[in-house]
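Let me begin by presenting the structure, written as structure tokens, before commenting on it.
Every number in this text was worked out from the coordinates using simple rules, so none of it is lab data. Everything numeric here is computed off the predicted structure, so don't read it as measured data. Here the Cβ is made from the backbone with ideal geometry for all residues, glycine too, and neighbour counts use every protein chain on show.
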Amino acid sequence: MHGKVVSINISENKGTTKKAIEEAYVIENYGIKGDAHGGSHWHRQISLLAIESIEKMKEKGMLLNYGDFAENITTEGIDLLSLPLGAKLQIGECILEITQHGKKCHSKCEIFKIVGDCIMPREGVFAKVLKGGKIKVGDSITIL
């Protein structure tokens, strides 16, 4: 199963929507440089959400941008929820390890208030960075 990076998104604060960028530097055992969710000794260094999940929300009439669900990487062509914990993904120069499926949502966070629903708790996955490097929009995603 192969996929690709549709969008890379960062924010200065947690619990907010993220803005799209064309490329990013990913730091080993930290996350994306400049993103509020990065941090050492933290198993949710990077969040991933499939465009297919976002499209389901768009079909409900929501106007959405990449990063609106605070995902760091918007993917296409990979069934993220089917990946077992411990699965490794190569994206650009980086290697990520899946550490968590879904999460408890913040109590009506900014995303929920703006969008009316948040799919990250149900359909997002989280990873830690095993190997850092550059990633960019369009990079392929390979399950190792």
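Can you flag which of 33/56; 56/88; 56/131; 60/131; 4/58; 58/136 are past 28 Å Cα-Cα?
Pairs exceeding the cut-off: 33/56; 56/131; 60/131.
Lys/Arg Cβ at +1, Asp/Glu Cβ at -1, dipole of the stretch 2-143 taken about the Cα centre: which of 91, 41, 27 is farthest positive-ward?
Checked the options; the winner is 41.
In the stretch 10-49, which trypsin sites (Lys or Arg not before Pro) fall in coil by DSSP and have 13 or fewer other Cβ atoms within 10 Å?
Those satisfying the criteria are 14, 33.
Please tell me the relative contact order of the stretch 2-143 in percent, rounded to the nearest whole number, where contacts are Cα pairs under 8 Å and at least six residues apart.
Here the relative contact order equals 36 percent.
Have a look at the stretch 2-143 and give its Rg and Dmax from the Cα atoms, expressed in angstrom.
For the stretch 2-143, the Cα-based Rg and Dmax read 13.5, 39 Å.
When Lys and Arg each count +1 and Asp and Glu each count -1, what net charge do the other residues less than 15 Å away from residue 134, Cβ to Cβ, add up to?
Taking every other residue near residue 134 into account, the sum is -3.
Can you tell me the dipole magnitude for the chain around its Cα centre, using point charges on the Cβ only (Lys, Arg +1; Asp, Glu -1), in Debye to the nearest 20?
380
Along the Cα-to-Cβ line of residue 43, 7 Å from the Cα, sits a label point; which residues in the stretch 59-77 have backbone N less than 12 Å from it?
none
Which order do the peptides 6-13, 65-72 come out in when sorted by mean C-beta neighbours inside 10 angstrom, highest first?
The peptides rank, most packed first, as 65-72, 6-13.
Can you give the calculated 222 nm mean residue ellipticity of the chain, where each DSSP H run of n ≥ 4 adds -39,500 (n - 2.57) and the sum is split over every residue, rounded to the nearest 500 deg cm²/dmol?
For the chain, the value works out to -3000 deg cm²/dmol.
Note the full-extension length gain between residue 82 and residue 20 as 0.36 nm times their separation in residues minus their Cα-Cα distance, in nm to one decimal.
Length difference between fully extended and current span is 19.8 nm.
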